[in-house]
Amino acid sequence: MFSEAVENYLTEILRLEEHAGRGAVSPSALADRLAVARPSVTGMLQRLADDDLVRYAPYRGVRLTRRGRRTARQMLRRHRLVETFLVRALGMPADRVHDEAHRWEHALSDDAVDRLDRWLGRPEADPHGTPIPAAPPSRGQRRLATLAAGVRATVTMVASQGPDHAAYLRSLGLAPGAVVTVTERRPFQGPVTLTIGDHSWIVGPEVTEYVSVREET
């Protein structure tokens, strides 16, 4: 569990990455976003780097580590689910929910967030149309991207990066409960051939990174 300040930094770095196409984030942009002094940002980034949450080099910007990105995605998921709830259930205008959601996101338990997600019908985007990050796989689940060739598994969760992406995944037959087999995996992170029912598809990471499965034994 991290402090609220750490969670805020990680979340804002991820937001800036989204706008910059995952490029390195400049400390000055982060300082502007958080409305804090540049020296304060530099000190916090050094602490985050010591905790393996970011990779930071002066004059080169900052990037999230895998650990930092996981935490940031969880916080963004909380924030965007709360915004969706405030608009749908309480009727708040979409342009007024950000600050309120920011207060809620640090207070809710993981169980409450999961229940909120189910209650809302597992929305794929918040009221602003921004994709809501998927929940991390639960125990026993793994990403389809990690499944070895010849392994058969059942789809447990399908995330998406928006309506078009979700429609594409559905067109392949990828939905919870579907049985999928990796029939071929090309080396060097190449495409993967999947068999789903009577159909075979050649797909890339834009598919396998967003599907969670449970391997059949």
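Within the accessible surface of the stretch 73-119, defined with a 1.4 Å probe on protein heavy atoms only, the carbon and sulfur portion equals 48 percent. Helix-only arithmetic for the chain: the sum of -39500 (n - 2.57) across DSSP H runs with n ≥ 4, divided by the residue total, places the mean residue ellipticity at 222 nm at -13000 deg cm²/dmol.
Here the accessible area is traced with a 1.4 Å probe on the protein chains. For the stretch 4-64, carbon and sulfur cover 47 percent of it. Relative contact order of the stretch 73-119, taken over Cα pairs closer than 8 Å and 6 or more residues apart, is 44 percent. The relative contact order of the stretch 151-217, computed from alpha carbon pairs under 8 Å that lie at least 6 residues apart in sequence, is 41 percent.
Take each peptide in 10-17, 30-37, 150-157, count the other Cβ atoms within 10 Å of every residue, and average; sorted highest first, the result is 10-17, 150-157, 30-37.
Electrostatic tally near Gly150: other residues with Cβ closer than 10 Å to its Cβ, Lys and Arg +1, Asp and Glu -1, net +1.
In the stretch 141-215, the portion of solvent-accessible area held by carbon and sulfur atoms comes to 54 percent [1.4 Å probe, whole percent, DNA, RNA and ligands not counted].
Note on Kirkwood radius over Cα pairs in Å: of the candidates [x] 17.8; [y] 18.4; [z] 18.9, the value calculated from this structure sits at [z].
Indicate the gyration tensor shape class of the stretch 1-44 (rounded, prolate or oblate), computed on the Cα atoms with a ≥ b ≥ c the square roots of the eigenvalues: a/c under 1.5 is rounded; otherwise a/b larger than b/c is prolate and the rest oblate. Cα axes put the stretch 1-44 in the oblate bin.
Rolling a 1.4 angstrom probe over the protein heavy atoms with all chains in place gives the chain an accessible area of 56 Å² per residue. Each of Val25, His128, Gln189 was placed along the dipole of the chain (beta-carbon charges, centred on the mean Cα), and the one lying farthest toward the positive end is Gln189. For a test of the definition: using alpha carbon positions, the gyration tensor, and the 1.5 limit on a/c, classify the stretch 73-119 as rounded, prolate or oblate. Oblate, since a/c reaches 1.5 and b/c is not below a/b. In the chain, Cα pairs under 8 Å separated by at least six residues give a relative contact order of 15 percent.
Magnitude of the charge dipole for the chain, about its Cα centre and with charges confined to Cβ atoms of Lys, Arg (+1) and Asp, Glu (-1), is about 440 debye. For the stretch 68-169, what class follows from the C-alpha gyration tensor (a ≥ b ≥ c being the square roots of its eigenvalues): rounded when a/c is under 1.5, otherwise prolate if a/b is larger than b/c, else oblate? Because a/c hits 1.5 or more and a/b exceeds b/c, the stretch 68-169 counts as prolate.
The values are calculated or read from the model by the stated rules, or taken from the named source; none is laboratory data. From a predicted model like this one, the values you see are computed outputs, not experimental measurements. Reconstructed Cβ throughout: ideal geometry from the backbone, glycine too, with neighbour counts over all protein chains shown. These area figures cover heavy atoms from the full protein model, side chains too; ligands, DNA and RNA do not enter into them. Shrake-Rupley method; radii C 1.70, N 1.55, O 1.52, S 1.80 Å.
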